[in-house]
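Q: Submitted below is the structure of interest, expressed as structure tokens.
The values are calculated or read from the model by the stated rules, or taken from the named source; none is laboratory data. As the structure is a prediction and not an experimental result, all values here were calculated from the model. Here the Cβ positions follow ideal geometry from the backbone for every residue, glycine too, while neighbour counts run over all protein chains shown. These accessible areas exclude ligands, DNA and RNA; they are computed on the full protein's heavy atoms, side chains included. Shrake-Rupley method; radii C 1.70, N 1.55, O 1.52, S 1.80 Å.
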Amino acid sequence: NAGVMQNPRHLVRRRGQEARLRCSPMKGHSHVYWYRQLPEEGLKFMVYLQKENIIDESGMPKERFSAEFPKEGPSILRIQQVVRGDSAAYFCASSPSQDRVGGYTFGSGTRLTVV
Amino acid sequence: GQNIDQPTEMTATEGAIVQINCTYQTSGFNGLFWYQQHAGEAPTFLSYNVLDGLEEKGRFSSFLSRSKGYSYLLLKELQMKDSASYLCAVRATGGFKTIFGAGTRLFVKA
């Protein structure tokens, strides 16, 4: 079991470009969570998805950010027209259900740098 | 609102014991988690408490008091590799997301 796989590990984008971050959950996990972490800060919840459904997107900025988890393939976090303030580490976590008592399994993260 | 407070930084000596406190105010409660995060790496799960009391797992223990909205993580026999950030996180009822505190950076010195 390869665990939660995120790619790319590092991503550099110029202001105004689009950033696409991918997350493949652990085998058997159907729940995916995206978090953003600014330098020296904690994890901020962005969105919770199940296959083909967005369950809770209360932490997602209203503009430029979107997420999906299609029936086939990885979950995608898309940031359009990136700005310097989007520079952060983006972590994906997965679980087999929302009641999992063992906590999340996190991927290694994607470090986005906007120049 | 939802709020999780923990100290920003702590320093302790190798071989000693350290207690990292966490207080929380959330809309409902469905479990409290502690994670360890080394610089530049992903958080890794340490412990889970949903009932009051102490959960022990090797050198690490976690305590919960739901009536006080309070938890602590106890690290014994500190090792240099324990230098990391420790994140307190709460899952609220009625929702599925877990809210994280800003983390406590622990420095273990020789």
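Q: Quick one: if the Förster radius is 22 Å, what FRET efficiency do residue B:93 and residue A:71 give, using the C-beta to C-beta distance and rounding to 0.05?
A: Computed FRET efficiency for residue B:93 and residue A:71 comes out at 0.15.
Q: Additional query: Mind counting lysine pairs for me in chain A? Cα separation below 16 Å, and the two need to be 8 or more apart along the chain or on different chains.
A: 4
Q: May I pose another question? Give the average over all directions of the projected area of the C-alpha convex hull of the range B:1-47, one decimal, in nm².
A: Average of the hull's projected areas for the range B:1-47 equals 4.6 nm².
Q: Hey, what D do you get for the protein assembly as shown in µm²/s if you plug the Kirkwood alpha-carbon radius into Stokes-Einstein at 25 °C and 0.890 mPa s?
A: Translational D for this selection: 136 µm²/s.
Q: Work out the mean other chain Cβ neighbour count within 10 Å for the residues of B:38-50 and drop it here as an integer.
A: So the per-residue partner count for this stretch is 4.
Q: Just the accessible area for residue A:113, please: 1.4 Å probe, Å², rounded to the nearest 10?
A: 60
Q: If the convex hull of the alpha-carbon atoms of the range B:1-102 is projected onto planes in all directions, what is the mean projected area in square nanometres?
A: Approximately 6.4 nm², given one-decimal rounding.
Q: Also, quick follow-up: Can you give me the % of accessible surface on chain A that is carbon or sulfur? Probe 1.4 Å, all protein chains present, nothing else counted.
A: Looking at chain A in its full context, I get 45 percent from C and S.
Q: Could you give the C-alpha radius of gyration of chain A expressed as a fraction of 2.2 N^0.38 Å, taking N as the number of residues it contains?
A: 1.00
Q: Run the reach check for residue B:76 against aspartates and glutamates, Cα to Cα strictly under 16 Å, same-chain hits fewer than 8 apart removed. What comes back?
A: B:14, B:55, B:56
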